[in-house]
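Okay, structure first, notes after.
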Amino acid sequence: MTIENTPQERIEAIIASQKEFFKTGATLDVEFRKNQLRKLAQALQEFEKPLADALWTDLHKSFQEAYLTEIGLVKAEIREHLKGVSRWSRRKRVHTPLTLFPSSSFIVKEPLGCALIVSPWNYPVQLLLNPLVGAISAGCTAVLKPSPYVPGVSAVLEELIRTAFPENYIAVVQGNRDVNKVLFSSRFDMIFFTGSPALGRQVMAAASQHLTPVVLELGGKSPCIIDKSANIKLAARRVAWGKTLNAGQTCIAPDYILIHEDVKEAFVKQFAAQVKRLHGKEIKESGHFVRLVTDKAFERVKSYLQDGDIVYGGRTDSSTRFIEPTLLDNVSPDAPVMTDEIFGPIFPMITISPQNGSFKDQVAEFITGREKPLAFYYFGSEADGWDLIHRTSSGGGCINDTIMHIANSHIPFGGVGNSGMGHYHGKLSFDAFTHQRSIVKAPTWIDLPFRYMPYKFFAIIKRMM
């Protein structure tokens, strides 16, 4: 199955129609927004099985994993926005300093307008529809662009959206990077992009032509630190789960390991044991182990096997795009597997020897010497974990766990530096598509002379400021 490019003329017509619809003010009504969120929830329920079937076809993703990491997360996001949007969208009165007496100050929440949401292939349902929830909640219209690398899922998503919404409000356009060029050169009021840092730079450059605000959810190489104080069995299990989830094709997957020399051997043994515990003795036969998305991705990830010594795993099958979870030892920090974002189940290890100085000093120096990652994972004592968090920077992370920070909608999800800009989830998704408008209301029954030239009361005002 292949996805055909939506013609440029049709894209332009959709954008124009959405801008006209937005001008009518229909989306400003909070009850309208709630009704649209309910329509999305209903459509998601109706299309749950077709989406799950397409995720299996395109990625070999089991129903359980599809629900837990995609469909279920969107349902939860919709419920939270239905609960909170009335409160979030209210005009808010805020403190006014004495120098502005007797005026009052307010923050007015207004939708940015016509939004573009571009999603990747690795979590094609969640990463398209979760931002859409924020756009609907904030009162925007939206043009959605799913990935052509998962054609089955993208086709189902298009049908879902067409069933639930008129295209002058929310529409799906399809295609490859030629379509992306058309979209990025068009004038939107906001762009929400999830993808690689390289493509993120292109998006930001294109957006700058119209001074369009952007949220960039990118990626990078997220470190996983295993200290000698770690519970090795538990660490191995949680790391193995985080790395084999979606076969490592997760923007916040642990990308490489910085491990204390004293516990490396024990960790390797436990990692092997925990992979078998998660996926069975023969992982290739597991119904819960995803495949690489394309032949090109398979060949790229497979090539990293030559960048170190395989101490666990290493098997591949090009006919099914299967790559076994693999630990690599004796890896150079400058090898491709340590400079590229892996996006697969290959796991290079860098051994930290206490003979070369403090473990934490070496780890902090290694991490801060590279681009800021999207996630940071530490296994060991809580105090040492907080210390390393304070000495490094990342979009988010966990102490003694992996991945799970994405599941809490009460904390921001987003990158920093090379791993992105902007945040979403929960109320922050509403905020991402909202302009906070500052308004000062001044009375007419009095007009104090303090601000007017020739500033006769300057000395008094100066003391008040």
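Descriptive notes on the structure:
- Condition check for Gly385: surrounded by 20 or more Cβ atoms within 10 Å (Cβ to Cβ), at positive phi and not in a loop (DSSP other than H, G, I, E, B): no
- Of residues in the stretch 315-328 being without any contact (Cβ under 8 Å) to a residue 40 or more places away in the chain and either of a type in the set (Phe, Trp, Tyr) or under 21 Å from Phe379 (Cα atoms) (or both), the one surrounded by the fewest Cβ atoms within 10 Å (Cβ to Cβ): Phe322
- Meets criteria (of a type in the set (Val, Ile, Thr), in a strand (DSSP E or B) and buried (at least 24 other Cβ atoms within 10 Å of the Cβ)) for Ile107: no
- Filter result for the condition that a residue is among the hydrophobic types (A, V, I, L, M, F, W, C) and more than 26 Å from Asp178 (Cβ to Cβ), over Leu55, Leu59, Leu73: Leu73
- Single match in His410, His390 (criterion: at pLDDT 95 or above and either of a type in the set (Lys, Arg) or surrounded by fewer than 19 Cβ atoms within 10 Å (Cβ to Cβ) (or both)): His390
- Residues satisfying the stated conditions in the stretch 23-33, i.e. loosely packed, with under 12 Cβ neighbours inside 10 Å and of a type outside the set (Lys, Arg): Thr24, Gly25, Glu31
- Verdict on Ser429 being in the same structural domain as Leu37 (by TED's automatic domain parsing) and either surrounded by 13 or more Cβ atoms within 10 Å (Cβ to Cβ) or not in a loop (DSSP other than H, G, I, E, B) (or both): yes
- Those helices (runs of 4 or more DSSP H) lying entirely in the stretch 34-89 with at least 1 residues modelled with pLDDT of 95 or more, surrounded by fewer than 16 Cβ atoms within 10 Å (Cβ to Cβ) and among the hydroxyl-bearing types (Ser, Thr, Tyr): 48-59, 72-88
- Close pairs from the stretch 329-343: first under 8 Å from Asp307 (Cα atoms), partner assigned to a loop (DSSP other than H, G, I, E, B) and not hydroxyl-bearing (Ser, Thr, Tyr), Cβ under 9 Å, at least 6 apart: Val331/Gly308; Ser332/Gly308; Ala335/Gly308; Val337/Gly308; Val337/Val331
- Condition met for Asp361 (surrounded by fewer than 20 Cβ atoms within 10 Å (Cβ to Cβ), under 26 Å from the mean Cα position of the chain (by Cα) and closer than 29 Å to His405 by Cβ): no
- Among the residues making up the stretch 160-184, those that are within 19 Å of Gln36 (Cβ to Cβ), of a type outside the set (Val, Ile, Thr) and out of contact with any Phe, Trp or Tyr (no Cβ under 7 Å at 6 or more places or on another chain) are Arg162, Ala164, Phe165, Pro166, Glu167, Ala171.
- Leading residue by the ranking (surrounded by the fewest Cβ atoms within 10 Å (Cβ to Cβ)) among those in the stretch 6-22 that are polar (S, T, N, Q) and more than 14 Å from Asp178 (Cβ to Cβ): Ser17
- Odd one out for Val182, checked against (1) in contact with a strand residue (DSSP E or B) (Cβ under 7 Å, 6 or more places away or on another chain); (2) of a type in the set (A, V, I, L, M, F, W, C); (3) closer than 20 Å to Ala13 by Cβ: (1)
- Which numbered condition Leu211 misses (of (1) in contact with a Ser or Thr (Cβ under 6 Å, 6 or more places away or on another chain); (2) at positive phi): (1)
The values are calculated or read from the model by the stated rules, or taken from the named source; none is laboratory data. Since the structure is predicted, the reported quantities are computational estimates derived from the model, not experimental observations. Please note: Cβ atoms are built from the backbone with ideal geometry, for glycine as well, and neighbour counts cover all protein chains shown.
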